[in-house]
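A.B. asks: Let me give you the structure first, and then I'll get to my questions.
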Amino acid sequence: MNSKEKAFDLVIFDWDGTLMDTVGKIVSCMQNVAQELMLPIPSEQEVRDVIGLSLPQIMPILFADHQNHQQIIDCYRRHHLASELLTPLFDGVELLIRNLFDAGYHLAIATGKGRQGLDNVLTLTGLGDYFHATRCADDAQSKPHPEMLYSLLAHFDVTADRAIMIGDSIHDLAMANNAGMASIGVSYGAHNESRLNLLNPRAIVDQPCAIRDYL
């Protein structure tokens, strides 16, 4: 495939719920935090609704009546580190990333994860060498603000019409819209197809291998 055949030069992925099956672990840890701190326990859907945002943005939404949000963040990180729930890559992700890399796409990550957490999973999964740049919650304003995407566009010297954002949440797709960028929604993560459709993505796919068809 040569560059003239590509609709995009830069492909940007969210991480949680898009490349790695982490939604169940996030929900479990958030509910355990609430139980430990004797706070109202959020429902699974309430936690799913905020996946993709940074932790400092999540805590006032889920725990509005608790003033010390840093305490909740620290507690969450402790639970997340101690959790033994498995978080595998979704089936087909590794092959997809390798194929896109070999085809000459610039690959990047834009995630609400912190830098340490992102670097850890990139190392553990062996995918780190395939991504030319990453942006996370420690680098820029939280989704749906487009700062992470603006930064990646500048890094690669690519215009917004030549880049695409791929994510599992409305926050990912809203960020893409705010940056004037196309998007692809994946329906196997935090948010279902009907919610993702509200943000008018280029496509919605139900498995990672289908992403390639829309690039």
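A.B. asks: Answer with yes or no whether GLY92 is touching a residue at least 60 places away in the same chain (Cβ under 8 Å), buried (at least 18 other Cβ atoms within 10 Å of the Cβ) and within 15 Å of PHE13 (Cα to Cα).
C.D. replies: Considered against the rule, which asks whether it is touching a residue at least 60 places away in the same chain (Cβ under 8 Å), buried (at least 18 other Cβ atoms within 10 Å of the Cβ) and within 15 Å of PHE13 (Cα to Cα), GLY92 comes out as no.
A.B. asks: Does ASP65 count as surrounded by fewer than 20 Cβ atoms within 10 Å (Cβ to Cβ), under 19 Å from PHE13 (Cβ atoms) and not aromatic (Phe, Trp, Tyr)?
C.D. replies: no
A.B. asks: Filter region 154-170 down to the residues that are hydrophobic (A, V, I, L, M, F, W, C) and crowded, with 20+ Cβ neighbours inside 10 Å, then identify the one that is nearest to VAL186 (Cα to Cα).
C.D. replies: ILE166
A.B. asks: Now, a different point. Exactly one condition in (1) of a type outside the set (Asp, Glu); (2) closer than 16 Å to VAL11 by Cβ; (3) outside any helix (DSSP H, G or I) is not met by LEU149; state its number.
C.D. replies: (3)
A.B. asks: Of the residues in region 31-60, how many are part of a helix (DSSP H, G or I) and either surrounded by fewer than 16 Cβ atoms within 10 Å (Cβ to Cβ) or over 17 Å from the mean Cα position of the chain (by Cα) (or both)?
C.D. replies: 12
A.B. asks: If I ask for residues that are of a type in the set (S, T, N, Q), surrounded by fewer than 16 Cβ atoms within 10 Å (Cβ to Cβ) and within 24 Å of ASN99 (Cα to Cα), which ones from region 121-153 would you list?
C.D. replies: THR123
FYI, it's all coordinate maths here, none of it is from the lab. Computed from a prediction, not measured in an experiment: that's the story for all the values here. With ideal geometry, Cβ positions are generated from the backbone for all residues, glycine too; neighbour counts draw on all protein chains shown.
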